[in-house]
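**Q** Have a look at the structure that comes next, please.
The values are calculated or read from the model by the stated rules, or taken from the named source; none is laboratory data. This is a predicted model, so every value here is computed, not measured. Positions of Cβ are generated from backbone atoms using ideal geometry, with glycine treated the same way; all protein chains shown enter the neighbour counts.
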Amino acid sequence: MKLDKRQKIWVGIMLAVIFVSAVISMQPVESKKDAVVALDQGKLKYSGDLVRQKFNGQGSLHFHDGSVYKGTFKNGYFNGLGKYIAKDGWKYVGNFKNGQAEGQGTLTVENGAVYQGKFKDGVYQAK
């Protein structure tokens with residue numbers, strides 16, 4: 001099965017979220033506000049709230065490739081309002097659920113095309 005560009009984007013985001021969640025679950029960090037944590041030998045940097053050693057509440061996650069997520073986390077996943085800016089030049093601003101675009105949002109791809117509306121399981125729902 002061949003994936004289109006949008007599907008590849010969301011597969012990449014999901015893999016990043018799964019990786020980050022796995023790394024965080026191994027970190028011996030107490031629950032606290034305004035934590036700054038370097039993960040995977042400094043390749044990931046999280047600034048924000050931690051609860052039971054997981055990203056929870058407001059925070060930002062900087063990836064080694066230059067991609068950045070800023071927004072709400074729940075149990076280590078992007079969850080709630082947030083903005084993901086990829087190093088490749090595309091960005092998504094809107095709602096996330098369990099690490100995927102879910103609900104209302106705006107995806108702007110590298111060529112400037114804008115997809116605004118509803119997303120389900122990380123996929124834009126064309127009208």
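**Q** List every residue pair whose Cβ atoms sit under 6 Å apart, with the two residues 6 or more apart in sequence or on different chains, where the first one lies in segment 89-117 and is under 14 Å from residue 74 (Cα atoms) and the second, anywhere, is part of a strand (DSSP E or B) and small (Gly, Ala, Ser).
**A** 95/103; 95/105; 96/82
**Q** Within the group 43, 83, 54, which residue is of a type outside the set (A, V, I, L, M), crowded, with 16+ Cβ neighbours inside 10 Å and at pLDDT below 90?
**A** Details: 43 fails: crowded, with 16+ Cβ neighbours inside 10 Å; 83 fails: at pLDDT below 90.
Just one listed residue meets the conditions, 54.
**Q** I'm checking my understanding of the structure. Among residues of segment 30-40 that are in a loop (DSSP other than H, G, I, E, B) and of a type in the set (Asp, Glu), which one is modelled with the lowest pLDDT?
**A** To start, the set of residues in segment 30-40 that are in a loop (DSSP other than H, G, I, E, B) comprises 30-31, 40.
The next check asks that each one be of a type in the set (Asp, Glu); those that pass are 30, 40.
Values: 30: 58, 40: 77.
Selected residue: 30.
**Q** Which residues, taken from segment 40-63, are in contact with a Leu (Cβ under 9 Å, 6 or more places away or on another chain) and not polar (S, T, N, Q)? Before the answer, list the steps.
**A** Taking segment 40-63 first, the residues in contact with a Leu (Cβ under 9 Å, 6 or more places away or on another chain) are 44-48, 55-57, 59, 61-63.
Those that are in contact with a Leu (Cβ under 9 Å, 6 or more places away or on another chain) and not polar (S, T, N, Q): 44, 45, 46, 48, 55, 57, 59, 61, 62, 63.
**Q** Report yes if residue 61 is at negative phi, at pLDDT 90 or above, touching a helix residue (DSSP H, G or I) at 6+ places or on another chain (Cβ under 7 Å) and buried (at least 17 other Cβ atoms within 10 Å of the Cβ), otherwise no.
**A** Numbers: at negative phi: yes; at pLDDT 90 or above: yes; touching a helix residue (DSSP H, G or I) at 6+ places or on another chain (Cβ under 7 Å): yes; buried (at least 17 other Cβ atoms within 10 Å of the Cβ): yes.
Taking the combined requirement at face value, the residue satisfies it.
**Q** Quick check on residue 103: is it within 21 Å of residue 125 (Cα to Cα) and of a type outside the set (Val, Ile, Thr)?
**A** Details: within 21 Å of residue 125 (Cα to Cα): yes; of a type outside the set (Val, Ile, Thr): yes.
Spelling it out, residue 103 is indeed within 21 Å of residue 125 (Cα to Cα) and of a type outside the set (Val, Ile, Thr).
**Q** Enumerate the strands (runs of 3 or more DSSP E) found wholly within segment 58-127, keeping only those where 1 or more residues are over 13 Å from the mean Cα position of the chain (by Cα) and of a type outside the set (S, T, N, Q).
**A** Ranges flagged: 100-108, 114-120.
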